[in-house]
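Participant: My questions all concern the structure below.
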Amino acid sequence: MLTYDQIIEKIDRLEEAHVLLAGIELKVFTHLGKKSLNARELARKCKSHPEGTEVLLNGLAALGALRRVKDKFANTRETFKHFCASSPDYKKGMVHLRGGNRGEWERLLDVVKQGRGLPSSPQEDDPEWRRLFSHAMHERSEGLAEKIARRAALKPVGRLLDLGGGPGSYSAAILKKDKKANAVLLDRSSAVAVAKEVTGKMKLRSRFEFIEGDLFETPFGNNYQTVLYSNILHIYNAAQNQTLFKKIHESLAPGGRLIVVDFLLKESRTEPLPAAMFAVTMLLYTDTGKVYTWRETSELLKKTGFIKIQKSPVVDGAWVIEAIKK
């Protein structure tokens, strides 16, 4: 149970989030690079007001996102590495994704009051937005991809179909574990371009094929030993998922595996916390999506003809679910 003080503390964190987001949107960390600049110099680069810029910079320094020495500000090791565009480790996808969070989450109250029929942001159909979103998914996959690959490679993977695979982070990690496996990644053209970029310098690149298309309209092919359905379940309603599960079932060889990676809620729908919070995100960002319970997911798989359905935890409310084609 949250106490009064804890509730107020969580609300007050909005202030910190807005300070950090303002720094990102003004490209403060990129403008600083490896230099030390005063507020007036940064204001010129950011095209912002000197007084407001100095207050913001002091706030960033108070949070530990910048260092202040006398009247000059500099990046920390972490902010230069991840948030400065000239760094080789620049997280351009996450900067893009988080940069839009402030405006998007302001829509939550309206969606709760009026329903999901509100106009969605047109940027999601923009190829450039999709490209950066795919980069963000790759950046978020660090650590998680290894855990999923370890679980998937407990059995021979064979010919793998990665549906909506985005940057290919998970299927690449699986191919690293299973040296005999090959992968076919199907996604939109902007995501496929990122996957080719991500895998381009890997030795396993020759074991990848790419298909640009739509999950509902594009044929999957057949005789796959494994199909990966990662972070897709929560985007669609039950009927849409069942349609895709039927296509997957038809594409698998007899005895083939479907591997689903996603959040799962307990029957109360209030636990675990990351899954419950992600359910709110799906309310805001999708037309019909939701976070499913284990019972709902297993029933959908059974209706589609899958057997031997089992789950194993990954991290923070996320699970790997395996199901076998009869």
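The values are calculated or read from the model by the stated rules, or taken from the named source; none is laboratory data. Just so you know, these numbers come straight off a predicted model, no measurement behind them. Cβ atoms come from the backbone with ideal geometry, glycine included; neighbour counts cover every protein chain shown.
Participant: Any idea which of (1) surrounded by 14 or more Cβ atoms within 10 Å (Cβ to Cβ); (2) out of contact with any helix residue (DSSP H, G or I) (no Cβ under 9 Å at 6 or more places or on another chain) is the one L300 doesn't satisfy?
Facilitator: The failed condition is (2).
Participant: Which residue, of I307, I324, is surrounded by 15 or more Cβ atoms within 10 Å (Cβ to Cβ) and out of contact with any His (no Cβ under 6 Å at 6 or more places or on another chain)? Steps first, answer last, please.
Facilitator: On the way: I307 fails: surrounded by 15 or more Cβ atoms within 10 Å (Cβ to Cβ).
Every option except I324 fails the conditions.
Participant: Any residue at all in the stretch 241-260 that is buried (at least 18 other Cβ atoms within 10 Å of the Cβ), modelled with pLDDT of 95 or more, within 23 Å of P156 (Cα to Cα) and under 20 Å from the mean Cα position of the chain (by Cα)?
Facilitator: Yes - at least one qualifying residue is present in the stretch 241-260.
Participant: Still on this structure, I have one more. Here is a check on your reading of the model: is G117 part of a helix (DSSP H, G or I) and either modelled with pLDDT under 85 or within 23 Å of L57 (Cβ to Cβ) (or both)? Step through it out loud before you land on a result.
Facilitator: Numbers: part of a helix (DSSP H, G or I): no; either modelled with pLDDT under 85 or within 23 Å of L57 (Cβ to Cβ) (or both): yes.
Considered against the rule, which asks whether it is part of a helix (DSSP H, G or I) and either modelled with pLDDT under 85 or within 23 Å of L57 (Cβ to Cβ) (or both), G117 comes out as no.
Participant: Something else about it: Being touching a residue at least 40 places away in the same chain (Cβ under 8 Å) and farther than 22 Å from S171 by Cα is the requirement here; does N237 meet it? Before you say what the answer is, go through the steps one by one.
Facilitator: Details: touching a residue at least 40 places away in the same chain (Cβ under 8 Å): yes; farther than 22 Å from S171 by Cα: yes.
Judged against the criteria, N237 is a match.
Participant: Evaluate the following for K196: is it assigned to a loop (DSSP other than H, G, I, E, B) and over 20 Å from E322 (Cα atoms)? So that I can check it myself, show each step before the final result.
Facilitator: Values: assigned to a loop (DSSP other than H, G, I, E, B): no; over 20 Å from E322 (Cα atoms): yes.
No: the conditions fail for K196.
Participant: Between A61, A74, which is among the aliphatic types (A, V, I, L, M), surrounded by fewer than 19 Cβ atoms within 10 Å (Cβ to Cβ) and not in a helix (DSSP H, G or I)? Spell out how you get there, then give the answer.
Facilitator: Values: A61 fails: not in a helix (DSSP H, G or I).
Just a single option satisfies the conditions, and that option is A74.
Participant: Has the stretch 180-187 got any residue that is of a type in the set (D, E) and over 18 Å from the mean Cα position of the chain (by Cα)? If you could, list the steps in order and put the result at the bottom.
Facilitator: The initial filter retains those residues of the stretch 180-187 that are of a type in the set (D, E), namely 187.
Subsequent filtering for residues that are over 18 Å from the mean Cα position of the chain (by Cα) retains none.
No: zero hits.
Participant: Could you look through the stretch 165-191, keep only residues that are surrounded by fewer than 24 Cβ atoms within 10 Å (Cβ to Cβ) and either polar (S, T, N, Q) or modelled with pLDDT under 95 (or both), and pick out the one that is nearest to N223 (Cα to Cα)? Working first, answer last.
Facilitator: Going residue by residue through the stretch 165-191, those that are surrounded by fewer than 24 Cβ atoms within 10 Å (Cβ to Cβ) are 173, 176-182, 184, 186, 188-190.
Then drop every residue that is not either polar (S, T, N, Q) or modelled with pLDDT under 95 (or both), which leaves 182, 188-190.
On the way: N182: 13, R188: 22, S189: 24, S190: 27 Å.
Among residues in the stretch 165-191 that are surrounded by fewer than 24 Cβ atoms within 10 Å (Cβ to Cβ) and either polar (S, T, N, Q) or modelled with pLDDT under 95 (or both), the one nearest to N223 (Cα to Cα) is N182.
Participant: Six or more apart or on different chains, Cβ under 8 Å: which pairs go from a residue in the stretch 212-224 that's without any contact (Cβ under 8 Å) to a residue 40 or more places away in the chain and surrounded by 14 or more Cβ atoms within 10 Å (Cβ to Cβ) to one that's in a loop (DSSP other than H, G, I, E, B) and charged (D, E, K, R)? Could you list them?
Facilitator: Note: pairs meeting the criteria are E212/R188; G213/R188.
Participant: Restricting the stretch 29-43 to residues that are touching a strand residue (DSSP E or B) at 6+ places or on another chain (Cβ under 9 Å) and in a helix (DSSP H, G or I), which is nearest to K81 (Cα to Cα)?
Facilitator: We begin by selecting, within the stretch 29-43, every residue touching a strand residue (DSSP E or B) at 6+ places or on another chain (Cβ under 9 Å); these are 29, 31-39, 41-42.
When the remaining residues are screened for being in a helix (DSSP H, G or I), the result is 29, 31-32, 39, 41-42.
Details: F29: 10, H31: 13, L32: 12, A39: 21, E41: 22, L42: 19 Å.
Selected residue: F29.
Participant: Pairs, please: C-beta under 9 Å, at least 6 apart or cross-chain, first residue outside any helix (DSSP H, G or I) and in the stretch 127-145, second polar (S, T, N, Q)?
Facilitator: Cβ pairs passing all conditions: S141/S169; E142/S169.
This table checks each residue for (1) among the acidic types (D, E); (2) within 24 Å of T281 (Cα to Cα); (3) under 27 Å from the mean Cα position of the chain (by Cα).
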residue	(1), (2), (3)
E15	yes, yes, yes
V19	no, yes, yes
K47	no, no, no
V55	no, no, no
A62	no, no, no
P88	no, no, yes
